[in-house]
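Visitor: If you scroll down you'll find the structure; I have some questions about it.
The values are calculated or read from the model by the stated rules, or taken from the named source; none is laboratory data. These numbers were taken from a predicted model, which means no experiment stands behind them. Reconstructed Cβ throughout: ideal geometry from the backbone, glycine too, with neighbour counts over all protein chains shown.
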Amino acid sequence: MAKTLTEMAAEIIAAKAARADMSQEALTEALNSTFNALAQLKCKEETQEQAELSTEVSDEEMDALVELRKTPKRSIRKSKVICLECGQEFKQLTNGHLKEHGLTTKEYRKKWGFTARQPLSSQNLSAKRRKSAEERGLGEMLKNARQKKAANAEAAGKKGGRKKAAKKPE
Ligand SMILES: [Zn+2]
């Protein structure tokens, strides 16, 4: 049976989390970017089709874009997300596209004042993903990954007799 994107993302992150020393934030960020990368693969065709349809930006569209940049949040709409750099419309704003503007999704979010957790996809798409992530018990999987990581760290500590963290001798 084919795996869902969420399952794949969770597995990848679980593998990373078990090895690397990741903070909760880093874990969330890694999950987001992994999930987005997978999602990008999936909607690549669709996005490319869309991009081909709307590469020409008219003066009016440019004006609308200038207006939109004043309230970046409005670029994320029910059925589309508008690139604040060029005004193209997408279901999901990808690293691949943002590269054309010399930006990563992270930099793009920062530039336009979005939080790191803001999905750069249409509200419909984000809602769908959120729902499926919840249904798949992603939180539970992450929790398990963290526990596994903690267990690994403990085991490593015992075995190697490495320095224990931050307890100062008097
Ligand atoms: Zn763009």
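Visitor: PHE90 fails exactly one of the following numbered conditions: (1) within 10 Å of the ligand (Cβ to nearest atom); (2) without any contact (Cβ under 8 Å) to a residue 24 or more places away in the chain. What is the number of that condition?
Guide: Result: PHE90 passes all but (2).
Visitor: Give ALA145, ALA151 a once-over and let me know the one that is out of contact with any strand residue (DSSP E or B) (no Cβ under 8 Å at 6 or more places or on another chain), within 14 Å of LEU27 (Cβ to Cβ) and hydrophobic (A, V, I, L, M, F, W, C).
Guide: Matching residue, one of ALA145, ALA151: ALA145.
Visitor: How many residues are at pLDDT below 85, part of a helix (DSSP H, G or I) and of a type in the set (A, V, I, L, M, F, W, C) if we restrict to region 139-169?
Guide: Matching residues across region 139-169 total 3.
Visitor: Among LEU120, LEU142, LEU125, LEU65, which is within 12 Å of the ligand (Cβ to nearest atom), within 18 Å of the chain's Cα centre (by Cα) and not aromatic (Phe, Trp, Tyr)?
Guide: One residue alone meets the criteria, LEU120.
Visitor: Can you give me the ranges of the helices (runs of 4 or more DSSP H) entirely in region 68-138 with at least 2 residues that are surrounded by 19 or more Cβ atoms within 10 Å (Cβ to Cβ) and either modelled with pLDDT of 95 or more or touching a helix residue (DSSP H, G or I) at 6+ places or on another chain (Cβ under 6 Å) (or both)?
Guide: Output list reads 95-98, 105-111.
Visitor: Taking LEU65 and the conditions (1) modelled with pLDDT under 95; (2) surrounded by fewer than 18 Cβ atoms within 10 Å (Cβ to Cβ), which numbered condition does it fall short on, given that it satisfies the others?
Guide: Going through the list (1) modelled with pLDDT under 95; (2) surrounded by fewer than 18 Cβ atoms within 10 Å (Cβ to Cβ), LEU65 breaks only (2).
Visitor: Right, another one. Run ARG109 past the list (1) at negative phi; (2) away from the ligand (no atom under 16 Å from the Cβ); (3) not β-branched (Val, Ile, Thr) and report the number of the one that doesn't hold.
Guide: Only one criterion is unmet by ARG109, namely (2).
Visitor: To continue, here is another question. Condition first: under 16 Å from GLN40 (Cβ atoms) and either touching a residue at least 60 places away in the same chain (Cβ under 8 Å) or near the ligand (Cβ under 8 Å from one of its atoms) (or both). Now tell me which residues in region 68-87 satisfy that.
Guide: Listed by number, the list holds a single entry, CYS83.
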